[in-house]
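The values are calculated or read from the model by the stated rules, or taken from the named source; none is laboratory data. It should be emphasised that the depicted structure is a prediction, and the values quoted were computed from it without experimental measurement. Virtual Cβ from ideal backbone geometry, glycine too; neighbours counted across all protein chains shown.
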Amino acid sequence: MGRPRAAPQVRRSKPEPTLRSLVQEPWVGGQSLHQRGLRLGGWRSRGLTEHAHLGPPELLLLALGALGWTVLRSAATTRLFRPLAKRCRLQPRDAAKMPESAWKFLFYLGTWSYSAYLLFGTDYPFFHDPPSVFYDWTPGMAVPRDIAAAYLLQGSFYGHSIYATLYMDAWRKDSVVMLVHHVVTLVLIVSSYAFR
């Protein structure tokens, strides 16, 4: 029998971060930035609301735009799309779908045209030089009016689309999915504008 073996030395390393600490603090190389004495641009010391650049007038415009799209769609459906469906002698099933499809076609044609104008008809170099979006960027900088209008058009349309999916469109099997899509898209558009 030989000598008894010594118990293996357990090497104590830094404790693994908990899920809670991972969510609360950014980690780099096994240590949180807080443990290293660093901060990411002051984000930890201030809340998200201090970084958002979205005021009540902009939110009011968004809500009024959504209301405007709803009124415009209702008027276009009553005075333009339904009479056109009758004139074209569509089958009842197709005539019921026609106003919604025509409305979306006109909206997306208009916004696509406006986006094409912004890319090709202005002095913005975004199409040919995509990184130019970030040149001279500073947090909270002013958004040019024509780009802010694109945000307003799209954001208010998706606000309208939430209402339309619930109360104006025919209910379908995928309506819940479409509702979630509209909410997520609206949150992304508003967040993109607010946290610029």
Open item on the list: Looking for something at pLDDT below 90, closer than 30 Å to Ser192 by Cβ and surrounded by 14 or more Cβ atoms within 10 Å (Cβ to Cβ) - is there at least one such residue anywhere in the range 69-76?
Closed with: no
Task: Members of the range 141-176 that are exposed (fewer than 11 other Cβ atoms within 10 Å of the Cβ) and more than 20 Å from Phe107 (Cβ to Cβ) - done: Met141, Ala142, Arg145, Trp171, Lys173
Task: Among (1) assigned to a loop (DSSP other than H, G, I, E, B); (2) within 26 Å of Arg196 (Cα to Cα) - the single one Tyr114 does not satisfy - done: (1)
TODO: Can you tell me which residue among Asp136, Asp169, Asp146 is charged (D, E, K, R) and modelled with pLDDT of 90 or more?
DONE: Asp146
TODO: Would you please name the residue that is farthest from Ala52 (Cα to Cα), looking only at residues in the range 168-193 that are assigned to a loop (DSSP other than H, G, I, E, B) and in contact (Cβ under 8 Å) with a residue 60 or more places away in the chain?
DONE: Ala170
Task: Of the criteria (1) closer than 12 Å to His160 by Cα; (2) out of contact with any Ser or Thr (no Cβ under 8 Å at 6 or more places or on another chain); (3) surrounded by 14 or more Cβ atoms within 10 Å (Cβ to Cβ), which one Leu80 fails - done: (1)
Open item on the list: out of contact with any Lys or Arg (no Cβ under 7 Å at 6 or more places or on another chain), at pLDDT 90 or above, not small (Gly, Ala, Ser) and not in a helix (DSSP H, G or I): is that true of Arg89 in this structure?
Closed with: yes
Task: Scope the range 117-140; condition hydrophobic (A, V, I, L, M, F, W, C) and surrounded by fewer than 10 Cβ atoms within 10 Å (Cβ to Cβ); matching residues - done: Phe134, Trp137
TODO: For the range 135-164, name all the residues that are more than 18 Å from the chain's Cα centre (by Cα) and within 18 Å of Glu100 (Cα to Cα).
DONE: Ala164
- [ ] Go through the residues of the range 49-69 one by one and say whether even a single one is closer than 17 Å to Ser191 by Cα and polar (S, T, N, Q).
- [x] yes
